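Working notes, beginning with the structure itself.
The values are calculated or read from the model by the stated rules, or taken from the named source; none is laboratory data. Bear in mind the structure is a predicted one, so any value in this text is a computation, not a measurement. Positions of Cβ are generated from backbone atoms using ideal geometry, with glycine treated the same way; all protein chains shown enter the neighbour counts.
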Amino acid sequence: MTETTENWQPSACILCECNCGIEIKLGTDGRSFERIRGDKAHPASRGYTCNKALRLDHYQNGRNDRITRPLRRRDDGSFEEIDWDTAIAEVAGRLRAVRDAHGGETIFYYGGGGQGNHLGGAYSSATLRAYGGKYRSSALAQEKTGEFWVDARMLGGYVRADIEHAEVSLFIGKNPYQSHGFPRARAVLKEIARDPGRTMIVIDPVRTETAELADVHLALRPGTDGYLLAAMAAVLVEEDLLDHAWLAEHATGLAEVITTLRQVPVSRYAELSGIAEDTVRDTARRIAAASSVGVLEDLGVQMNRDSTLVSYVEKLIWLLTGNFARPGSQYLPSGLSPLGRDRGRHIDDVPRSPVAGAPIISGLVPCNVIAEEILTDHPGRYRAMIVESANPAHSLAGSATMRQALQALDTLVVIDVAMTETARLADYVLPAPTQYEKWEATFFNFDFPRNIFHLRPPVLPAPEGPLPEPEIHARLAEASGALTDADLAPLHAAAARGRAAYGAAFMAATSDRRLAGLAPVLLYRTLGPTLPGGAAAAAVLWAAAHRCAAENPDGVRDAGFGTGLEAGERLFDAILAGPHGVVITEDRWDGVWQRVRDPGHRVRLAIPELLGDLTALAERPAPGSDSSWPFVLTAGERRAFTANTIIRDPGWRRRGGDGALRMSLTDAERMLLSPGDRVRVTTPAGSAEIPVEPTDRMQPGHVSLPNGLGLASSDPQGGAGTPPNELTTAAHRDPWVGTPLHKHVPARVERCEVAAPRP
Ligand SMILES: Nc1nc2c(c(=O)[nH]1)N[C@H]1C(S)=C(S)[C@@H](COP(=O)(O)OP(=O)(O)OC[C@H]3O[C@@H](n4cnc5c(=O)[nH]c(N)nc54)[C@H](O)[C@@H]3O)O[C@H]1N2
Ligand SMILES: Nc1nc2c(c(=O)[nH]1)N[C@H]1C(S)=C(S)[C@@H](COP(=O)(O)OP(=O)(O)OC[C@H]3O[C@@H](n4cnc5c(=O)[nH]c(N)nc54)[C@H](O)[C@@H]3O)O[C@H]1N2
Ligand code: SF4
Ligand SMILES: [Mo]
């Protein structure tokens, strides 16, 4: 046994945004993950993992349709292997041709990282810029953009909650027991449940594992959160439960909000949500009485009716009770990237996508208009697309139309580790090393008061063939002609003289607008080769560390990195030298106010566009009133063994591999269904046959399907489960920001009379 195979190597789990620190012990073959354990030295997860991390060998070594050579589509639709020089030259040639004929802004970029890998995507802006591209998107624009916009309007940045220290924790459409979303979620939930002084409130139509731990479970009717939250906010006003002193000091727009909330018919809204009015009032009172309230909303409302409005009212509830910038409440985090940052403009002033005119929030075109922006005669339509580390043919609404759109493109380039549903439609597929074969990191770091960043060294060498994403972007940018050796020469020379000289040369180079847009590739090519241990991919973090130090001088200083330019350098060096993760900022609660964008650092309570919607809800047909669709389908639920489409080997699932449709016992009895019986689920988009799992967790009239299953696979055992987006449509979306309503798909469910043979 060699030294490395005996050693535990630090890395991270890549299956959800928490990215728990793990240690991996390789087998004697030097490739298999023989053992995996939580990394006690990781400052956020501190040894914690859930059940999923321990089966990561199925990502690294599973039957995951791995690709290791660049592929080119033949005329007959099959693929042939080509070498990298040919691949780069041909892709560049096709992108240049699209740019010259139709303008660079018709080249669209999608993706840039799943749950564990953002480092490669950080270089994509250079590629896009090199070809004159302007528009991009990612999965965030089918979940978080409504919340981003509301947060930016009210506060100026993406808000997070200190659940661990909240007296009252409130989860709205979120099941952290399965989906996590904050460090050590299961442990924290159990601590809260055990503590008699703290109260956990869950708003979810399903009795989830989180709801089971809660003190209060508001099992509302699916899709009625708008009513329930509006009623709760209205009770705060009606019963005068507001934190007046705090609001007077810290907020503007209170009068407008109060005027609107006084018009909300509390009894009527409570009734529509299916929650007793007394319970609504008690919940509002419990929130108002608490010394701290931490609130997290997630897909259950962000992919549901009234999603943007619900995000707004959710924030009103904790702001009206003064729950911001104090322990156990909400905060604006520091960070190494501007993830989730939006200008927070009035909806009429938000930039728009070229064809559908859809609002671009946080620089992201709504996912639900992408197909529409391709399948049209409009001269501004997208003609070429680069997809990196994402699987839109499976993950975006309306798979059938999405496939049609991807095939209608002049050129589709996919950068992935595997032959995905999207890659199968590509003209060129460019293979990348797995996340354990290269330097990697994510930018999902929102911890407080100690924020953490984790740069992970490779655990094992990549096989011959794939190229890391930064190298792919550098080659594509160079092949565009936008970047020359002469541009790089002064930076190479300065890098040889040390960081101070490099900093000055980099400033000088990027004062040229042409080069500023190519900055990631400049860094990779010139600073990258000087970094220890082959960490060239980390070069972009040098600029990010300096930006972080400039934006959060106190936090970076208190984390031990000093002040001024030195602080940025020290922070960067610490990240490079910290394979278990590094505390990048040590924040203070009162410092949060400095991040509130309003010049007086006041919270803006009123979003006039949305206030009108609050009372208009009363005039709409109630959910469930269309008898042709008697069921509500939640298409894409997080379960014990789901992780989007990151692991393609179905063998990684210890259970749940059939992707059963959960349905209430009442419905199952009425339809004479036993576990495993098959039903036909029909939605406006299509229909599928699915085995059922009757359960007392579900309400009558509500059925749910897991996310990430139903992958097309070269493996005959693969493909288990139903791809949820065969049952969704892109038109079913939020009126404000265009996010999909996947949790509330109108559906019919019928018994399959003849038992179909299992595939
Ligand atoms: N195990 C696992 N964990 C994951 C992932 C994974 O694939 N698997 N994916 C990660 C990703 S990308 C994300 S974005 C997060 C998402 O994390 P979550 O949002 O927590 O996950 P979901 O299960 O999609 O939806 C949450 C809840 O919404 C509820 N819901 C359905 N309809 C309604 C409704 O009308 N009102 C309310 N209030 N709730 C409703 C569902 O019952 C469900 O419990 O999870 C992350 N973590
Ligand atoms: N109906 C419905 N649809 C949904 C959801 C839902 O709840 N319901 N949830 C949505 C949500 S919240 C999300 S976040 C999206 C997720 O959907 P996507 O954003 O499309 O991403 P993933 O499924 O996470 O796929 C990640 C891709 O990265 C590839 N990959 C893995 N490692 C690497 C690497 O190192 N380099 C490269 N280049 N590629 C790599 C994997 O093979 C996979 O193709 O799905 C969404 N779709
Ligand atoms: S899937 Fe589990 S182990 Fe992996 S990062 Fe998320 S919480 Fe941690
Ligand atoms: Mo997500």
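State whether the residues of the stretch 103-123 include one that is more than 16 Å from ligand 1 (Cβ to nearest atom) and over 29 Å from the mean Cα position of the chain (by Cα). Full working, then the answer.
Here is the first cut: in the stretch 103-123, the ones more than 16 Å from ligand 1 (Cβ to nearest atom) are 103-109, 119-120, 122-123.
Pick out the ones that are also over 29 Å from the mean Cα position of the chain (by Cα) and you get 103.
Yes, the stretch 103-123 contains at least one residue that is more than 16 Å from ligand 1 (Cβ to nearest atom) and over 29 Å from the mean Cα position of the chain (by Cα).
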Requested in this report: State whether the residues of the stretch 151-167 include one that is of a type outside the set (Ser, Thr, Tyr), within 16 Å of ligand 3 (Cβ to nearest atom), touching a residue at least 24 places away in the same chain (Cβ under 8 Å) and more than 19 Å from residue 300 (Cβ to Cβ).
Outcome: yes
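Regarding the stretch 322-329, can at least one residue be identified that is touching a His at 6+ places or on another chain (Cβ under 6 Å) and either assigned to a helix (DSSP H, G or I) or farther than 23 Å from residue 103 by Cα (or both)?
Quick first cut of the stretch 322-329, residues touching a His at 6+ places or on another chain (Cβ under 6 Å) only: 327-328.
Then keep just the ones that are either assigned to a helix (DSSP H, G or I) or farther than 23 Å from residue 103 by Cα (or both); that gives 327-328.
Scanning the stretch 322-329, I find at least one residue that is touching a His at 6+ places or on another chain (Cβ under 6 Å) and either assigned to a helix (DSSP H, G or I) or farther than 23 Å from residue 103 by Cα (or both), so the answer is yes.
Please verify whether residue 693 is among the acidic types (Asp, Glu), under 23 Å from residue 744 (Cβ atoms) and not assigned by TED's automatic domain parsing to the domain that holds residue 116, treating the condition exactly as stated. Explain how you work it out, then say what you get.
On the way: among the acidic types (Asp, Glu): yes; under 23 Å from residue 744 (Cβ atoms): yes; not assigned by TED's automatic domain parsing to the domain that holds residue 116: yes.
Judged against the criteria, residue 693 is a match.
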Query raised in the report: Just checking, how many residues over the stretch 5-24 are over 29 Å from the mean Cα position of the chain (by Cα) and closer than 22 Å to residue 43 by Cβ?
Result: 2
Query raised in the report: Of the residues that sit in the stretch 61-118 and are closer than 30 Å to residue 444 by Cβ and basic (Lys, Arg), which one is surrounded by the most Cβ atoms within 10 Å (Cβ to Cβ)?
Result: 66
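How many residues are part of a loop (DSSP other than H, G, I, E, B) and modelled with pLDDT under 95 when one looks only at the stretch 1-27?
3
Taking the conditions exactly as written (outside any strand (DSSP E or B) and surrounded by fewer than 21 Cβ atoms within 10 Å (Cβ to Cβ)), does residue 656 satisfy them or not?
Taking the combined requirement at face value, the residue satisfies it.
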Query raised in the report: On the given criteria, is residue 719 at pLDDT 95 or above, on the phi > 0 side of the Ramachandran plot and surrounded by 15 or more Cβ atoms within 10 Å (Cβ to Cβ)?
Result: no
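Filter the strands (runs of 3 or more DSSP E) completely within the stretch 103-221 down to those with at least 1 residues that are in the same structural domain as residue 350 (by TED's automatic domain parsing). Steps first, answer last, please.
Working: elements: 107-111, 135-137, 168-172, 199-203, 216-218.
Ranges flagged: 107-111, 135-137.
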Report summary line: Being modelled with pLDDT under 95, farther than 19 Å from residue 387 by Cβ and of a type in the set (Lys, Arg) narrows 63, 74 down to just 63
Query raised in the report: What pairs come up if the first residue lies in the stretch 235-254 and is under 18 Å from residue 326 (Cβ atoms), the second is among the charged types (D, E, K, R) and outside any helix (DSSP H, G or I), and their beta carbons are under 8 Å apart, counting only those six or more places apart or on different chains?
Result: 250/602; 251/602; 251/604
Requested in this report: List every residue pair whose Cβ atoms sit under 6 Å apart, with the two residues 6 or more apart in sequence or on different chains, where the first one lies in the stretch 169-181 and is under 11 Å from residue 18 (Cα atoms) and the second, anywhere, is within 16 Å of ligand 2 (Cβ to nearest atom) and among the charged types (D, E, K, R).
Outcome: 179/638
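Go through 615, 634 for me and flag whichever is among the polar types (S, T, N, Q) and part of a strand (DSSP E or B). Break it down stepwise before answering.
Values: 615 fails: part of a strand (DSSP E or B).
634 is the lone residue from the list that is among the polar types (S, T, N, Q) and part of a strand (DSSP E or B).
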Query raised in the report: Does residue 99 satisfy the criteria of being outside the structural domain of residue 41 (by TED's automatic domain parsing) and either in contact (Cβ under 8 Å) with a residue 60 or more places away in the chain or under 30 Å from residue 198 (Cα atoms) (or both)?
Result: no
Report summary line: Here the residues within the stretch 18-58 that are within 11 Å of ligand 3 (Cβ to nearest atom) and of a type in the set (Ser, Thr, Tyr) are 45, 48, 49
Requested in this report: Kindly indicate which of 728, 683 is surrounded by 24 or more Cβ atoms within 10 Å (Cβ to Cβ) and among the polar types (S, T, N, Q).
Outcome: 728
